[in-house]
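Written out below as structure tokens is the structure these notes cover.
The values are calculated or read from the model by the stated rules, or taken from the named source; none is laboratory data. Everything numeric in this text was worked out from a predicted model, so none of it was measured. Methodologically, a virtual Cβ is constructed for each residue, glycine included, from the backbone with ideal geometry; neighbour enumeration extends over all protein chains shown.
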Amino acid sequence: MQNIDMGALALQVLWAAFGLGVVFGAVAQRTHFCTMGAVADIVNIGDWSRMRMWVLAIGVAMLGFNAMVAAGWLDAGKTIYAAPRLTWLSAIVGGAMFGFGMVLASGCGSKTLVRIGGGNLKSLVVFIVLGLAAFATLKGITGVARVATVDRVALELAGGQDLPTLVARALGLAKPQVALWLGALLGGGLVAWALARREGRTGDVLLGGAGIGAVVAAMWWVSGRLGYVAEDPNTLQEAFVATNSQRMESLSFVAPIAYTIDWLLFFSDKSKLLTLGIVSTVGVVVGAALWALASRSFRWEGFASAEDTANHLVGATLMGVGGVAALGCTVGQGLSGVSTLAIGSFIALASIIGGAVLALRYQVWRIERT
């Protein structure tokens with residue numbers, strides 16, 4: 001058995017994850033990368049620029065992840081997204097809740113962190129409420145309700161729910177080979193669509209899309225390759241170092257926000273260890289703050305009214321509950337999950353977009369009534 005210093009390896013993983021979080025935050029602050037903003041731009045003014053940025057990020061992440069699967073470095077089946085149990089109702093209900101909530105809260109989980117870095121105090125409140133709601137849905141009262149309702153409705157798929165596994169089993173092909181071709185076809189198609197028009201080839205779109213997508217793919221490598229131990233000397237089982245799920249992880253910003261609050265509240269408890277999700281969450285705030293300060297765009301901002309406060313509180317709660325039910329947010333499912341080509345991730349992503357469109361229509365209706 002190979003002699004592995006698990007502590008030293010965990011430190012490498014944590015520093016790498018923190019660094020990638022800083023890059024994510026800086027790039028998102030610089031380019032105004034925002035899923036809610038991308039959907040709102042289309043619905044409100046017909047501008048597809050930020051949507052092309054987001055789609056480019058998905059395509060790059062998809063290409064990167066499946067190239068690593070083809071190389072034998074990663075396995076989608078070792079993530080939470082590609083499990084054999086497809087909780088499709090949770091993905092639909094949770095995704096719709098998250099999408100509606102992110103509009104009310106002026107942005108998704110990642111945008112909340114970026115806004116905190118830019119001096120937005122409203123987003124600090126959203127961070128706290130989202131984290132508490134998420135933790136309650138992981139282990140508390142709404143978690144009991146989740147398990148007793150939507151999580152009961154599921155499909156069992158032999159082997160896993162990611163498309164390479166399903167296609168490989170159906171056609172009798174090797175999964176790495178199928179992952180390479182499907183990743184190239186779908187990821188390449190998304191990249192081609194994003195770049196097809198001039199609005200998709202501006203500097204911000206290229207930096208935001210390619211940069212964010214590359215960070216997601218790199219985080220998969222950090223967790224699934226750098227942090228992978230075939231035989232943990234303590235348990236004699238395979239392990240993914242410094243992850244909350246004990247599986248391979250990339251970026252996500254709902255459960256990790258809950259774990260960050262938990263770590264801060266119980267800091268003196270030695271059983272509460274830093275994880276990839278916690279340090280990447282902090283890294284995004286740091287990266288966004290560094291760019292905001294360097295570009296002199298840092299501004300303190302608070303709530304405009306009682307209605308504004310209420311909208312953000314409701315939105316944060318919906319994101320916390322919905323994000324856990326759907327197994328992720330616009331980054332957790334919309335980038336990391338979709339990059340694995342998992343069916344549940346596509347369902348969750350579509351539901352998030354649908355919920356966001358519904359919320360935007362609701363806001364227009366409210367304005368027209370006043």
Kindly list, by first and then second residue, each pair from a residue in the stretch 342-370 that is closer than 21 Å to ILE45 by Cβ to a residue that is surrounded by 19 or more Cβ atoms within 10 Å (Cβ to Cβ) and hydroxyl-bearing (Ser, Thr, Tyr), limited to pairs with Cβ atoms under 8 Å and residues at least 6 apart or on different chains.
-> ILE352/THR35; ILE352/THR330; ALA356/THR35
Listed by first then second residue, the pairs whose first member lies in the stretch 122-141 and is in contact (Cβ under 8 Å) with a residue 60 or more places away in the chain, whose partner is of a type in the set (D, E, K, R), with beta carbons under 7 Å and at least 6 positions apart or on separate chains, are LYS122/GLU301; PHE135/ASP262; THR137/ARG146
Of the residues PHE18, PHE33, which single one is in a loop (DSSP other than H, G, I, E, B) and buried (at least 18 other Cβ atoms within 10 Å of the Cβ)?
-> PHE33
In this structure, does GLY211 turn out to be modelled with pLDDT of 95 or more, over 19 Å from MET53 (Cβ atoms) and touching a helix residue (DSSP H, G or I) at 6+ places or on another chain (Cβ under 7 Å)?
-> no
Do any residues in the stretch 165-176 that are under 12 Å from ALA82 (Cβ atoms) have Cβ atoms under 8 Å from those of residues that are among the polar types (S, T, N, Q) and part of a helix (DSSP H, G or I), where the two are at least six apart or on different chains, and which pairs are they?
-> LYS175/THR165
Just one of (1) at pLDDT 95 or above; (2) outside any helix (DSSP H, G or I); (3) among the β-branched types (Val, Ile, Thr) trips up ILE4, so point out which.
-> (1)
Under 6 Å between Cβ atoms, at least 6 apart or on separate chains: pull out the pairs that start in the stretch 5-25 with a residue that is farther than 14 Å from ALA239 by Cβ and end on any residue that is of a type outside the set (Gly, Ala, Ser) and not in a helix (DSSP H, G or I).
-> LEU14/LEU274
Only one of (1) of a type in the set (Val, Ile, Thr); (2) buried (at least 19 other Cβ atoms within 10 Å of the Cβ); (3) at pLDDT below 95 is not met by THR281, so which one is it?
-> (3)
Given the conditions (1) part of a helix (DSSP H, G or I); (2) under 20 Å from the mean Cα position of the chain (by Cα); (3) among the β-branched types (Val, Ile, Thr), which single one is not true for THR330?
-> (1)
Positions within the stretch 66-121 being farther than 29 Å from GLY183 by Cβ, more than 18 Å from the chain's Cα centre (by Cα) and not in a helix (DSSP H, G or I), in sequence order = GLY118, GLY119, ASN120
